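Quick notes on the structure that follows.
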């Protein structure tokens, strides 16, 4: 059974360039989460979707970040323009929200380096 | 504000030497406490969910327990392949519906043969 799929796995870009990260959640899951991991701040939620609708984007750093989920099997996180401080590992996670609770399953992450 | 504190930051054990990792938390309305394992260069791998004080769960050499203020991950007779960073996270907001996980900074475990 395929887990959460993320692409690209590594991305190196120059400051000012647009970066698009992609995620395919586990089939049948109804919620998708974007997290960012840095040495200084650990893992932090950026935004999450429930049934393809953005619910909480309070963790999105600023207007340079945007996320979309056009259908149940695909989401993107875009940074435009990128800055060196955006360098981090970006994880996508998905879950099936049930009455009894939920478990978020993480993808392998995208390592982003902005020069 | 929800907070999760893990200790120790790093732990080195000899193979077969049992120990415990601690996760202290303050949260408004705990929905669940989660333990994940993260290997270098990989995403967090789900281990356990605990929902209420007194609950315990086991998987191979790992056992997770929960009280009203902290959780422990007990590792019995660890092997080198148990070396990883162990992350604790809480999902709060029973009354608000918030679903973000708040993570601790992790415990880096190294098990030497």
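The values are calculated or read from the model by the stated rules, or taken from the named source; none is laboratory data. Everything numeric in this text was worked out from a predicted model, so none of it was measured. Cβ: placed from backbone, ideal geometry, glycine included. Neighbour counts: every protein chain shown.
Here are a few things to note about the model shown:
- Condition met for residue B:111 (within 14 Å of another protein chain (Cβ to nearest Cβ), at negative phi and surrounded by 13 or more Cβ atoms within 10 Å (Cβ to Cβ)): no
- Of the residues making up region A:37-63, those that are within 11 Å of chain B (Cβ to nearest Cβ) and exposed (fewer than 13 other Cβ atoms within 10 Å of the Cβ) are A:39, A:40, A:41, A:58.
For every residue, the table says whether it meets (1) within 14 Å of chain A (Cβ to nearest Cβ); (2) in contact with a strand residue (DSSP E or B) (Cβ under 6 Å, 6 or more places away or on another chain); (3) crowded, with 21+ Cβ neighbours inside 10 Å.
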| site | (1), (2), (3) |
| --- | --- |
| B:7 | no, yes, no |
| B:40 | yes, no, no |
| B:47 | yes, yes, no |
| B:72 | no, yes, no |
| B:76 | no, no, no |
| B:88 | yes, yes, yes |
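- Test for residue B:53: is it farther than 26 Å from residue A:54 by Cα, out of contact with any helix residue (DSSP H, G or I) (no Cβ under 6 Å at 6 or more places or on another chain) and without any contact (Cβ under 8 Å) to a residue 24 or more places away in the chain: yes
- Filtered residues of region A:65-103 (kept if at pLDDT 95 or above, outside any strand (DSSP E or B) and either within 14 Å of chain B (Cβ to nearest Cβ) or over 23 Å from residue A:24 (Cβ atoms) (or both)): A:81, A:83, A:84, A:85, A:87
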